[in-house]
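**Student:** Sharing a structure with you now.
A short reminder: the numbers here are calculations on the coordinates, not readings from a lab. No experiment lies behind these values; they were computed from the predicted model shown. Positions of Cβ are generated from backbone atoms using ideal geometry, with glycine treated the same way; all protein chains shown enter the neighbour counts.
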């Protein structure tokens, strides 16, 4: 008996083949792109750690290490103290595209005696060394630096903070570095406690080199939902992840990050996501933690 095919079946196969061809050739127009967008959404995953741990991270399936400015770049140290470490990074093939722990607490950003000139001097040295290391993003958490002293005028503090964000953006620009402000929950500082707070300051600064980190741990600690990510949209260039109660690695308490991941996917986020956790045994925990988090990313990627 001769097999027949309905027009609908033939059309569906042709459309699928055409969409697949367009996807592989880079000529994907929007209607066909929608067929593949869910499956294609993925982001590089890493962890905040010493670059000395790269072998363990690589074995665990990580794409990079997120280092510390103070530990790796040492802006207050002579060039010779840092040059070998940066050379070793490249020689060992250790990818360090992001650094955190930007400013020491004594470099005050707000208050009666802000240290803005000293901040820029320190930051510029960090940016110079970051470029040599191939670092593109430096996270501005630095809760001690941005803490508003008791009794100090809040509006004045916000004015000071926006002013230094502008200067940091201008200083970072020649080196191709982006400064990404991170919200910190109220147990760590009293300024910029939510992603929406940080969005206001970043928008007020209005510099293309000043963006945002969506830290899911801090957002959950402040009971800030995924809608804040929708509001921030393309200002979010980096993500930090840990579980809410005790900053444990993903998979420990079983926290569900998928609503936040879905928001990131919806706004078109394509940056890196770093586990920033309290580790009891880094080498033993990092593999299962990355696997648990990847499973949630994959679950979100597979949904329309």
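**Student:** Over its Cα atoms, what ratio of radius of gyration to 2.2 N^0.38 Å does segment 258-298 give?
**Tutor:** Numbers: Rg = 12.0 Å, N = 41, 2.2 N^0.38 = 9.0 Å.
Normalised by 2.2 N^0.38 Å, the Cα Rg of segment 258-298 equals 1.33.
**Student:** Which order do the peptides 277-286, 264-273, 129-138 come out in when sorted by mean C-beta neighbours inside 10 angstrom, highest first?
**Tutor:** Highest mean packing first, the order is 129-138, 264-273, 277-286.
**Student:** So, by mean Cβ neighbours within 10 angstrom, what's the order for 242-251, 175-184 with the highest one leading?
**Tutor:** By packing density, highest mean first, the sequence is 175-184, 242-251.
**Student:** So, one more: Between residue 91 and residue 291, what length comes free when the chain is fully extended (0.36 nm per residue of separation minus the Cα-Cα distance, one decimal in nm)?
**Tutor:** Taking 0.36 nm per residue and subtracting the Cα distance, the gain is 69.2 nm.
**Student:** Let me ask another. Give me the Debye-computed log₁₀ of I(q)/I(0) at q = 0.19 Å⁻¹ for segment 181-304, equal point scatterers on Cα only, no solvent, two decimals.
**Tutor:** -1.03
**Student:** Relative to the present Cα-Cα distance, how much length would full extension add between residue 190 and residue 153 at 0.36 nm per residue of separation?
**Tutor:** Stretched fully, the residue 190-residue 153 segment lengthens by 12.0 nm.
**Student:** Could you tell me how many degrees, from 0 to 90 and to the nearest 10, lie between the Cα long axis of helix 116-133 and the main elongation axis, the longest principal axis, of the Cα atoms of the chain?
**Tutor:** Tilt of helix 116-133: around 40 degrees.
**Student:** Label-point separation (nm) for residue 298 and residue 231, each offset 7 Å from Cα along Cα-to-Cβ?
**Tutor:** Between residue 298 and residue 231, the simple spin-label model gives 3.5 nm.
**Student:** Quick one: length gained pulling residue 200 to residue 59 fully straight, 0.36 nm per residue minus the C-alpha distance?
**Tutor:** Here the answer is 46.8 nm.
**Student:** May I pose another question? Can you give the percent of C-alpha pairs in segment 130-236 whose distance is more than 17 Å?
**Tutor:** Here the tail beyond 17 Å accounts for 52 percent of pairs.
**Student:** Can you give me the three principal axis dimensions of the chain from its C-alpha atoms, in Å, biggest first?
**Tutor:** Principal extents (Cα only, largest first): 89, 45, 41 Å.
**Student:** Per DSSP H run of at least 4 residues, take -39500 (n - 2.57); add these up for the chain, divide by its residues and hand me the 222 nm value, nearest 500 deg cm²/dmol.
**Tutor:** -14500 deg cm²/dmol
**Student:** Now a separate question. Relative contact order of segment 41-301, please, whole-number percent, based on alpha carbon pairs below 8 angstrom and at least 6 residues apart.
**Tutor:** That works out to 18 percent.
**Student:** Taking the chain as the reference, fit the longest principal axis to its C-alpha atoms, fit the long axis of helix 195-205 to the helix C-alpha atoms, and give the angle between the two in degrees, 0 to 90, nearest 10.
**Tutor:** Taking the Cα atoms of the chain, the angle to 195-205 is about 70 degrees.
**Student:** Helix 282-301: angle to the longest alpha-carbon principal axis of the chain, degrees 0 to 90, nearest 10?
**Tutor:** 50
**Student:** Defining a contact as two alpha carbons under 8 Å apart and six or more residues distant in sequence, what relative contact order in percent does segment 66-204 show?
**Tutor:** Computed over segment 66-204, the figure is 24 percent.
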